[in-house]
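Participant: I'd like to ask some things about the structure below.
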Amino acid sequence: MQNIVLVFLTSLLIVIFGIPSIITVAKFKGLYDKPDARKLHTHKIPRLGGLAIIAGFSIAASLWGIPDGMPRLQYLQAALIILFFSGLKDDVIILSPAKKLMSQVVAALITIVGEDIRISSLYGLFGIDIIPIWASYALTFFTIIVVTNAFNLIDGVDGLAGGLGFIIATTLGLWFNFIDQTGWAILSFGLAGALLGFLVFNFNPAKIFMGDAGSLTTGFLLAVFTIKFIEFNSPTAQNIYKIASAPAIAVAILIVPLFDTLRVFILRVMKKKSPFEADKNHMHHYLLRMGLGHKEVSLVMYIINIAFVLVAFMMKNNSTAMLLLIISTLAIVLAQIPVYVFNHKIAVIEAENNEMIAKELGQKVQINSEFKS
């Protein structure tokens, strides 16, 4: 427990004391995220926050050590370095989407094959428990790529990605500590501390963005932590606190980035657009259109994510399929609220405009008739 507290505080302090220097260098070298029609900020902001996050996480985890039983973490470290530098290059000089995806593919394969981190069971979903090794590799690869990109895409409002990452890492860290997986708890709280330190400078009004170097590596680490959470609850795991519906709870823990990404991808495909084409249909865009500020949007999304985690853990004794159905239904219903409110607001404005136009036309007709008479 002592090392968990120390890794959290160390990563927190490294980021807090490191970011001001990074902001100074970014301003001196002109390394800004410039505003455009697609972005929400209106002035240039440095986007090298990922450098501080990964530095804080890596230094803190190295200082306070990893217990025995985790001897192959060099593969995870190698994958993290690959993702970090591809994201950093994109933050500085722009990296093509194909090359960015390739770095994610390489990082995922290194982690799955080298670290042997993979999902081995479907927990009775579709009547399947233990799955073949090829299906395990494929499902794990898909999970890492999806979660990594989902977290990258949710980074659209001040404090949103950092806050959600902090909530997810803390939730998983608490569970790892509860089941005495101290090594994974140290890694989770190391990331949580780094993200909390980053939030000091990223919460609205943001002084720095995490950039792709931060969002890709954070998403990747959260994907790995989530897979380990699922595996520590597998039918073959030696864990007296095993949860039979662990995959569904994992979805609930990641609900905001996962559901929002799935939603916008479906909308883009329905409109015959590329699912990777940027737009303003994310949930945080609708909340902003409702009149909420960046702080309010982030806080609402935090509360929603925490609420889903609490609901999922309270209903953990349900089957994986049943809990997934409940979580999905709640997410769909909640997602329609800001869309409905925004559409209703537009309809009211249009009705008021039409009424105003009708009055003006009526007045003109009356004036013309009086003039003629």
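Just so it is clear, none of the values below were taken in a lab; they were calculated from the coordinates. Keep in mind that this is a model prediction, so the values were computed, not measured. Backbone-built Cβ (ideal geometry, glycine too); neighbour counts: all protein chains shown.
Participant: What is the fewest-to-most order of Met301, Met1 by other Cβ atoms lying within 10 Å of their Cβ?
Facilitator: On the way: Met301 24, Met1 8.
Ascending Cβ contact count within 10 Å gives the list Met1, Met301.
Participant: Sticking with this structure for a sec: Any chance you could check the Cα centroid distance between the range 3-30 and the range 50-115 for me, in angstrom?
Facilitator: Computed from Cα coordinates, the inter-centre distance equals 18 Å.
Participant: Quick one: order Trp184, Trp64, Trp134 by neighbouring beta-carbon count within 10 Å, fewest to most. Kindly include the intermediate steps, with their values, before the conclusion.
Facilitator: Details: Trp184 23, Trp64 20, Trp134 8.
Final ranking by Cβ density, sparse to dense: Trp134, Trp64, Trp184.
Participant: With the radius of gyration and the Kirkwood radius both derived from the Cα set of the range 202-350, what is their ratio Rg to Rh?
Facilitator: Working: Rg = 17.6 Å, Rh = 17.4 Å.
Computed over Cα atoms, the ratio is 1.01.
Participant: Given that compact globular proteins tend to follow 2.2 N^0.38 Å, what is the ratio of the alpha-carbon Rg of the range 241-321 to that value? Show your work: numbers first, answer last.
Facilitator: Working: Rg = 15.4 Å, N = 81, 2.2 N^0.38 = 11.7 Å.
Computed over Cα atoms of the range 241-321, the ratio equals 1.32.
Participant: OK, next. Tell me the label-point distance for the pair Ile332, Phe178, using the 7 Å Cα-to-Cβ offset, in nm and rounded to one decimal.
Facilitator: Output for this residue pair reads 2.9 nm.
Participant: Going through the cross-link list Lys99/Lys207; Lys100/Lys280; Lys207/Lys272; Lys29/Lys273; Lys207/Lys271, which pairs have a Cα-Cα distance over 26 Å in this structure? The partial results should precede the final answer.
Facilitator: Working: Lys99/Lys207 29 Å; Lys100/Lys280 22 Å; Lys207/Lys272 37 Å; Lys29/Lys273 36 Å; Lys207/Lys271 35 Å.
Checking Cα-Cα distances, Lys99/Lys207; Lys207/Lys272; Lys29/Lys273; Lys207/Lys271 exceed 26 Å.
Participant: Sort 276-283, 189-196 for me by packing, meaning the mean count of neighbouring Cβ atoms within 10 Å per residue, highest on top. Working shown, then result.
Facilitator: Working: 276-283: 14.9, 189-196: 29.6.
My ranking of the peptides, most packed first, is 189-196, 276-283.
Participant: According to the Kirkwood expression over distinct Cα-Cα pairs, how big is the hydrodynamic radius of the range 85-202, in Å?
Facilitator: Over the range 85-202, the inverse of the mean reciprocal pair distance is 16.3 Å.
Participant: Can you work out D for the range 217-269 in µm² s⁻¹ from Stokes-Einstein, where Rh is the Kirkwood radius over C-alpha pairs, the temperature is 10 °C and the viscosity is 1.306 mPa s?
Facilitator: Working: Rh = 12.4 Å.
Calculated translational D: 128 µm²/s.
Participant: Counting only helical runs of four or more DSSP H residues, what would the 222 nm mean residue ellipticity of the chain come to if each run contributes -39,500 (n - 2.57) and the total is spread over all its residues? Mind showing how you got there, number by number?
Facilitator: On the way: 13 runs with 264 residues, N = 373.
Mean residue ellipticity, 222 nm, calculated: -24500 deg cm²/dmol.
Participant: Moving on. Under the Kirkwood approximation for Rh and a Cα-based Rg, what ratio Rg/Rh is obtained for the range 42-115? Working shown, then result.
Facilitator: Values: Rg = 14.6 Å, Rh = 13.9 Å.
Rg/Rh: 1.05.
Participant: Test of understanding: ordering Thr217, Thr329 by Cβ neighbours within 10 Å, fewest first, what list do you get? The partial results should precede the final answer.
Facilitator: Values: Thr217 31, Thr329 10.
With the sparsest Cβ surroundings first, the list reads Thr329, Thr217.
Participant: Can you pull a Stokes-Einstein diffusion coefficient for the range 162-223 at 4 °C (1.567 mPa s), Rh from Kirkwood over Cα pairs, as a whole number of µm²/s?
Facilitator: Translational diffusion coefficient: 109 µm²/s.
Participant: What helices in the chain pass both tests, a Cα length along the helix axis of 20 Å or more and a mean Kyte hydropathy of 0.0 or higher, using whole DSSP H runs? Before the final figure, lay out the partial values.
Facilitator: Details: long enough: 2-29 (40 Å, 1.76); 49-63 (21 Å, 1.89); 73-93 (30 Å, 1.21); 133-153 (30 Å, 1.49); 160-178 (27 Å, 1.52); 182-202 (29 Å, 1.62); 211-231 (30 Å, 1.03); 255-270 (22 Å, 1.61); 294-314 (30 Å, 1.65); 320-372 (78 Å, 0.62).
Helices meeting the criterion: 2-29, 49-63, 73-93, 133-153, 160-178, 182-202, 211-231, 255-270, 294-314, 320-372.
Participant: Now, a different point. In bins 10 Å wide, starting from 0, what share of all Cα pairs of the range 2-243 does each bin hold, as a percent?
Facilitator: In whole percents, the pair-distance histogram is 8, 32, 36, 18, 6, 1.
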